[in-house]
Amino acid sequence: MLLAWLPLLGLPTSGQEHELLELLLESLTLGVEARGGPEKWLRSRAWWEMSHVGNRPAQARSYYDITRQLAPKLICEIGLNGGHSAAIFLAAAGPSSRLVMFDTMAFSYSNWTVHALEQLFPGQITLIRGDSTRQVPAYFRGAEPSCDLFSVDGDHRYRGVRIDILNAIAATKKGGVLWQTTGRSSATTCTRA
């Protein structure tokens, strides 16, 4: 991905990377809107005010800068939606990083989103379909905690959020970062394990 290579080319990293990041996120947003089906929020700009990091430039830049500083090799994420946070994490972490994504793939645009991300970040994505409260522990069963960065933005109901966070804690290695964005507000919390 071009964003990860800018420093190697001797180009300024903050301003230009952030501008390219905004273009990447806008492209994902437009692609999702074009492929949306029954999801009514896609037919209006209302989802831009409440849904994803792609419509909050300051938050997107913060995600990018924190991820870049962390330099995770293994990123784990619960919740795909439009793929905005996945794109930020992979763009910031660079081509040697990998993403394990857990999602129900419930939206009409979910498959397109995964395909678009796979085109942008070839060989870096593993998708685990299904209920994250079951799939995360099954995927990591018997393994040492290995996620350098774990983002939780799946189920927004108390029980689901609680289980996802507990499973994410168990899968995040010591010193890794747990990123939680599944509250009722737009607040995001980031905690080092």
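The values are calculated or read from the model by the stated rules, or taken from the named source; none is laboratory data. Keep in mind the model is a prediction, meaning the values are calculated, not measured. When we count neighbours, we look across all protein chains shown, and the Cβ atoms used for this are built from the backbone with ideal geometry, even at glycine. These area figures cover heavy atoms from the full protein model, side chains too; ligands, DNA and RNA do not enter into them. Shrake-Rupley method; radii C 1.70, N 1.55, O 1.52, S 1.80 Å.
Quick one: would you say Arg68 is within 13 Å of the chain's Cα centre (by Cα), open to solvent by 10 Å² or more (accessible area, probe 1.4 Å), charged (D, E, K, R) and over 20 Å from Asp155 (Cβ atoms)? Here the answer is no, as Arg68 does not meet what is asked. Residue pairs whose Cβ atoms lie under 9 Å apart, sitting 6 or more positions apart in sequence or on different chains, and linking a residue in region 116-131 that is in contact (Cβ under 8 Å) with a residue 60 or more places away in the chain and among the aromatic types (Phe, Trp, Tyr) to a partner that is buried (at least 19 other Cβ atoms within 10 Å of the Cβ) and assigned to a strand (DSSP E or B), are Phe121/Leu99. Within region 26-65, the set of residues being modelled with pLDDT of 70 or more, over 16 Å from Ser85 (Cβ atoms) and open to solvent by 20 Å² or more (accessible area, probe 1.4 Å) comprises Leu30, Glu33, Ala34, Arg35, Gly36, Gly37, Pro38.
For first residues located in region 21-34 and closer than 16 Å to Arg61 by Cβ, partners that are among the basic types (Lys, Arg) and lie 6+ apart or on another chain with Cβ distances below 8 Å form the pairs Leu21/Arg61.
Residues in region 81-100 that are within 17 Å of Val53 (Cα to Cα) and free of Cβ contacts under 8 Å to residues at least 40 places away in the same chain: Ala86 alone.
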